[in-house]
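Colleague: Below: one structure in structure tokens.
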Amino acid sequence: MAERKFHCDGCGAHVAFSPEAQRLVCPYCGTEKARPESEAEVVEHDLGGALEKGFAEAPTVEAQTLRCGACGATTRIEGHVLASRCPFCDTPFTAPPTAERVLLPQATLPFRVEARDAREAFSKWMAGRWFAPNDLLRRARKEGLDGVYLPFFTFDATTETWYRGERGDHYYETESYTAYENGEAVRRSRTVQRTRWWPTSGAVFLGFDDVLVLASQGLPESLVRKLEPWDLDALVPHDESFLSGFTAEIDQRGLKDGFAECKTRCEPEIQRQVRRDIGGDVQRIHHHNTAWSGVTFKHVLLPVWVGAFRYRDAVYRVVVNARTGEVQGERPWSWWKIGATVLAAAVLIAVLYALFGDELG
């Protein structure tokens with residue numbers, strides 16, 4: 001499949017997908033262009049078959065890509081986007097775009113938060129970080145945000161977990177003990193909790209739907225997870241027009257590694273259900289083994305607004321969920337502001353003590 005370009009019917013310029021209009025809009029003359037209609041559906045793909053074939057039958061598209069030499073992220077650039085720096089680490093691109101074939105995702109969550117609303121949410125978030133350095137605040141407001149689609153896998157599966165463990169039931173006994181009052185030994189009694197343990201074994205069956213695994217290299221997973229939950233029920237079949245005017249990171253995590261991460265994310269819930277099945281007041285899990293079946297996946301794109309800023313040789317990132325407006329980020333601390341605040345508090349305490357010391361004493 002060749003790369004598709006979308007042009008304005010009025011002036012011929014590249015059109016961009018508008019989160020507000022949910023259609024293609026020319027940024028120059030305002031002409032709106034409906035997205036091409038499609039009868040495609042969001043479908044799940046069998047994991048075993050995909051791993052065996054290695055995406056040999058997956059659809060691809062020829063795209064212009066840029067690879068960051070610092071963080072390693074590879075992004076697609078679309079339409080009239082001019083990318084001079086990496087949106088994930090603020091490193092200038094030194095190599096020109098290259099043409100390569102990339103995998104098409106099965107589904108996309110289109111941008112819904114406009115750039116202006118993302119900037120407003122971002123500014124409010126930054127304004128609340130009083131201890132951030134002033135020059136970083138100025139830089140952040142000046143540089144703005146980049147609209148980026150991040151790659152993810154979602155997994156559906158059924159699990160059966162066999163376990164061996166122990167069930168603990170609490171019971172209470174009264175015991176005597178010696179205490180000392182006024183230098184004399186006296187006998188007292190108290191109620192103590194004890195636990196009676198019983199061996200147990202069994203199996204639990206669970207179904208997992210749309211377990212989300214990040215396939216991005218450009219952003220820390222811990223930061224992206226803070227943007228959850230996503231409205232995955234609103235996923236629509238991927239259409240290249242969604243990318244017009246934005247960049248999209250190419251997935252950096254293989255399907256096999258992605259499924260391994262899926263298992264890691266599901267493990268706490270599996271153990272929680274095992275403990276629930278054991279019952280009692282407390283539980284011990286000595287051994288458990290999980291079989292996975294009916295595993296399917298989707299390769300999807302989710303939208304974020306990203307701000308990456310360098311400050312004293314370190315990179316700080318702020319991300320906005322482009323569906324909900326949720327803001328999460330990293331920032332440095334201004335030690336002179338912290339010091340000034342501590343000093344002001346000390347001076348205030350000293351003044352109050354000087355004025356009201358006798359009353360406080």
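Colleague: Can you tell which of Thr159, Thr191, Thr178, Thr174 is part of a strand (DSSP E or B), without any contact (Cβ under 8 Å) to a residue 60 or more places away in the chain, in contact with a Phe, Trp or Tyr (Cβ under 6 Å, 6 or more places away or on another chain) and farther than 30 Å from Gly72 by Cα?
Modeller: Thr191
Colleague: So, in the stretch 201-234, exactly how many residues are open to solvent by 20 Å² or more (accessible area, probe 1.4 Å), under 18 Å from the mean Cα position of the chain (by Cα) and over 12 Å from Phe152 (Cα atoms)?
Modeller: 9
Colleague: Applying the selection to the stretch 171-185, what residues are farther than 30 Å from Gly280 by Cα and loosely packed, with under 10 Cβ neighbours inside 10 Å? Please lay out each step first, then the result.
Modeller: First, pick out the residues of the stretch 171-185 that are farther than 30 Å from Gly280 by Cα: 178-185.
Across the stretch 171-185, the qualifying residues are Thr178, Tyr180, Glu181, Asn182, Gly183, Glu184, Ala185.
Colleague: If Ser123 meets every condition in (1) among the small types (Gly, Ala, Ser); (2) buried (at least 17 other Cβ atoms within 10 Å of the Cβ); (3) without any contact (Cβ under 8 Å) to a residue 40 or more places away in the chain apart from one, which number is that one?
Modeller: (2)
Colleague: Consider only pairs whose beta carbons are under 6 Å apart and that are at least six residues apart or on different chains; among these, list those whose first residue lies in the stretch 65-76 and is among the polar types (S, T, N, Q) and whose second residue is open to solvent by 10 Å² or more (accessible area, probe 1.4 Å) and not in a strand (DSSP E or B).
Modeller: If the second residue must be open to solvent by 10 Å² or more (accessible area, probe 1.4 Å) and not in a strand (DSSP E or B), the pairs left are Thr74/Ile250.
Colleague: Among what's in the stretch 194-211 and is without any contact (Cβ under 8 Å) to a residue 40 or more places away in the chain and not charged (D, E, K, R), pick the residue that is farthest from Phe259 (Cα to Cα). Break it down stepwise before answering.
Modeller: Initially, the stretch 194-211 is screened for residues without any contact (Cβ under 8 Å) to a residue 40 or more places away in the chain, giving 194, 196, 199, 201.
In the following step, the residues that additionally are not charged (D, E, K, R) were identified as 199, 201.
Numbers: Pro199: 33, Ser201: 27 Å.
Ranking the candidates gives Pro199 first.
Colleague: OK, next. Before we move on, is Cys266 under 24 Å from Thr74 (Cβ atoms) and modelled with pLDDT of 95 or more?
Modeller: So Cys266 does not fit the description; no.
Colleague: Filter the stretch 277-296 down to the residues that are of a type outside the set (A, V, I, L, M), more than 19 Å from Leu255 (Cα to Cα) and in a strand (DSSP E or B) and list them by number.
Modeller: Gln283, Arg284, His286, His287, His288, Asn289, Thr290
Colleague: Test Gly339 against the criterion of being small (Gly, Ala, Ser) and modelled with pLDDT of 75 or more, and give yes or no. Give the derivation first.
Modeller: Working: small (Gly, Ala, Ser): yes; modelled with pLDDT of 75 or more: no.
So Gly339 fails the test.
Colleague: Determine which single condition Trp305 fails, assuming it passes every other condition in (1) modelled with pLDDT of 55 or more; (2) over 17 Å from the mean Cα position of the chain (by Cα).
Modeller: (2)
Colleague: Continuing with this model, one more query. Please find, within the stretch 31-68, the residue that is modelled with the highest pLDDT out of those that are hydrophobic (A, V, I, L, M, F, W, C) and open to solvent by 70 Å² or more (accessible area, probe 1.4 Å).
Modeller: The extreme case among them is Leu51.
Colleague: Say whether the condition of being modelled with pLDDT of 90 or more and in contact with a helix residue (DSSP H, G or I) (Cβ under 7 Å, 6 or more places away or on another chain) is met by at least one residue in the stretch 131-140.
Modeller: Scanning the stretch 131-140 turns up no residue that is modelled with pLDDT of 90 or more and in contact with a helix residue (DSSP H, G or I) (Cβ under 7 Å, 6 or more places away or on another chain).
Colleague: Yes or no: the stretch 233-242 includes at least one residue that is of a type outside the set (Asp, Glu), without any contact (Cβ under 8 Å) to a residue 24 or more places away in the chain and over 27 Å from Gly48 (Cα atoms).
Modeller: No: zero hits.
Colleague: Here's another thing I want to ask about it. Is at least one residue of the stretch 215-223 in a strand (DSSP E or B), of a type in the set (Gly, Ala, Ser) and either on the phi > 0 side of the Ramachandran plot or without any contact (Cβ under 8 Å) to a residue 12 or more places away in the chain (or both)?
Modeller: no
Colleague: Among the residues of the stretch 252-259, are any at pLDDT below 95, in contact with a helix residue (DSSP H, G or I) (Cβ under 9 Å, 6 or more places away or on another chain), on the phi < 0 side of the Ramachandran plot and part of a loop (DSSP other than H, G, I, E, B)?
Modeller: The answer is yes; a qualifying residue exists.
Colleague: With respect to the numbered conditions (1) at pLDDT below 85; (2) closer than 30 Å to Arg323 by Cα, which one is the sole condition not fulfilled by Ala95?
Modeller: Going through the list (1) at pLDDT below 85; (2) closer than 30 Å to Arg323 by Cα, Ala95 breaks only (2).
The values are calculated or read from the model by the stated rules, or taken from the named source; none is laboratory data. All of these numbers come straight from a predicted model, not from anything done at the bench. Heads up, the Cβs are rebuilt from the backbone with ideal geometry, glycines too, and the neighbour counts pull from every protein chain shown. Accessible surface is based on the protein model in full, side chains and every heavy atom, while ligands, DNA and RNA are left aside. Shrake-Rupley method; radii C 1.70, N 1.55, O 1.52, S 1.80 Å.
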